1. Name the strands (runs of 3 or more DSSP E) wholly inside the range 116-165 in which the number of residues that are more than 22 Å from ASP312 (Cα to Cα), of a type in the set (Ser, Thr, Tyr) and in contact with a Lys or Arg (Cβ under 9 Å, 6 or more places away or on another chain) is 1 or more.
2. So which residues in the range 411-433 are modelled with pLDDT under 95, buried (at least 17 other Cβ atoms within 10 Å of the Cβ) and within 24 Å of GLU358 (Cβ to Cβ)?
3. Being under 26 Å from the mean Cα position of the chain (by Cα) and either of a type in the set (A, V, I, L, M) or open to solvent by 40 Å² or more (accessible area, probe 1.4 Å) (or both) is the filter here; which residues of the range 164-178 pass it?
4. Looking only at residues that are within 14 Å of ARG283 (Cβ to Cβ), touching a helix residue (DSSP H, G or I) at 6+ places or on another chain (Cβ under 7 Å) and among the hydroxyl-bearing types (Ser, Thr, Tyr) in the range 195-222, which one is surrounded by the fewest Cβ atoms within 10 Å (Cβ to Cβ)?
5. If I filter the range 320-330 for residues that are out of contact with any His (no Cβ under 6 Å at 6 or more places or on another chain), within 22 Å of PRO257 (Cβ to Cβ) and assigned to a loop (DSSP other than H, G, I, E, B), do I get at least one hit?
6. Tally time: how many residues in the range 1-32 are crowded, with 17+ Cβ neighbours inside 10 Å and either in a loop (DSSP other than H, G, I, E, B) or among the hydroxyl-bearing types (Ser, Thr, Tyr) (or both)?
7. Could you count how many residues in the range 280-308 are within 22 Å of the chain's Cα centre (by Cα) and not basic (Lys, Arg)?
8. Quick check: anything in the range 273-282 open to solvent by 60 Å² or more (accessible area, probe 1.4 Å), farther than 20 Å from GLN202 by Cβ and modelled with pLDDT under 95?
Amino acid sequence: MSDSPIRVAIIGAGIGGLTLSSALRQSVKNGDMKVVVYEAAAEISEIGAGINFWPRSWNIFKDLGLDQSLLQILPKEPDDSTRVVFNIRKGDQDQGINIDDLTMKGGGIRFHRAELQKVLLDNSSGDLFLSHRFVDYEEADDEIRVRFENGYTTTCDLLVGMDGIKSSVRRSFLLKCGMPNSPSLEPVCSGDIAYRGLIPVQSLEKEYPGHRAINGATMYLGKSKLIITYPISRDTFINFVSFDTDILNEGSYYHGPTTTPCSREEIISIFSMWEPEVQALVRCIAKPTKWVIRFLKPMDRYTQGRVILAGDAAHAMTPHLGSGAGRAVEDAYILASLLRDRLSTRAMLPRVAEIFNEICCPAGKRLTERSRLGGQLCQLVAPGFEDVHEGDNSVPREKLLNLVRQFDRELEFVWKESAEEDKRRALDMLRMS
């Protein structure tokens with residue numbers, strides 16, 4: 001490292017931005033870096049409820065020294081045992097049927113979003129500036145000047161845009177790269193409308209004693225619809241998310257509010273043909289919200305000079321593999337590993353950015369497509385299911401089993417592969433530069 005600290009500006013205090021800040025805290029303590037996180041909101045608050053991670057993400061949290069803090073908000077410590085991560089049912093009929101159990105080494109790790117964000121905040125490095133909405137940047141030979149809506153300006157050596165699906169950094173990045181008509185400039189609709197909420201376990205037990213959702217994660221599949229539940233907050237709440245999909249809307253633009261309150265009755269009407277245990281879940285949802293699910297058409301690159309896009313700013317995807325937040329954590333991990341290396345001088349930052357792009361851009365593209373296919377499978381709109389309709393109880397069991405097996409294959413990478421391989425490749429590339 002050079003004598004003066006490398007100045008890293010992170011735009012966005014979401015899961016990705018705070019993970020990157022946490023991953024660089026030792027470099028900040030050593031005086032090698034100065035890290036500042038800029039957040040547009042006036043306070044740190046996470047909309048939503050549950051958030052899912054898989055074993056490869058948990059291994060990153062452990063490597064970053066966050067595991068002990070995170071264990072305070074988990075019912076038990078994750079381990080390498082093989083266990084059920086979802087009981088999968090076909091639920092869009094009067095009497096639902098079990099299809100199969102999806103098992104995985106290490107299982108799923110599920111948090112309440114606000115609890116996770118607090119742990120990351122408590123372990124972050126450097127400074128956090130709220131009410132700083134990014135407007136634009138200018139890159140010169142020796143630094144980057146960043147401008148915010150409140151009139152504040154600053155300079156940095158590396159600018160990292162982790163400001164989400166509606167990223168202002170991405171817009172500025174694409175315009176400066178001469179791509180004002182890029183299909184990645186704005187997110188597009190996936191066709192999914194999600195309904196989210198929390199269900200108090202006590203309420204569900206009273207409504208439907210012994211409900212399977214209390215003791216484990218469940219996926220209820222149906223034509224163009226899907227429900228996912230799992231316990232969070234030390235098993236005191238059930239996280240509920242459902243999807244109602246019109247694939248004809250996929251790829252369209254939407255500029256209205258993406259998150260709005262909704263009534264419980266609206267969700268009840270959508271799942272009126274579904275099995276009784278689904279009806280019980282819906283009746284117990286507290287304060288549901290309605291989300292327009294969008295995604296980002298894949299970008300050709302995530303970096304230019306000393307400007308980097310990461311997390312949802314680079315590869316916002318549908319949530320159907322439960323891996324969007326995990327991919328943001330991996331982006332942060334790979335970038336932090338490069339920046340912490342002794343070869344990462346100020347002069348090497350463009351090369352660091354290029355290596356990040358070579359490693360993370362293909363991975364982001366692959367996961368975006370996998371997530372899309374996962375949704376098609378679980379909502380019975382994948383090829384081969386054109387003739388299936390809601391309430392159809394005549395779908396052959398073997399056909400449903402094959403669908404679950406295909407979904408399982410799409411998800412295998414989350415426990416059979418590790419981010420360590422990408423980290424090793426990235427550091428090898430840096431050392432060969």
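The values are calculated or read from the model by the stated rules, or taken from the named source; none is laboratory data. All of these numbers come straight from a predicted model, not from anything done at the bench. Note that we place each Cβ from the backbone using ideal geometry, even for glycine, and neighbour counts take in every protein chain shown. SASA here: full protein model, heavy atoms, side chains in, ligands and nucleic acids out. Shrake-Rupley method; radii C 1.70, N 1.55, O 1.52, S 1.80 Å.
1. Here the list reads 153-156.
2. The answer is PHE413, VAL414.
3. ILE165, LYS166, SER168, VAL169, ARG171, LEU174, LEU175
4. Taking the candidates together, the pick is TYR208.
5. no
6. Number of matching residues: 11.
7. 14
8. Scanning the range 273-282 turns up at least one residue that is open to solvent by 60 Å² or more (accessible area, probe 1.4 Å), farther than 20 Å from GLN202 by Cβ and modelled with pLDDT under 95.
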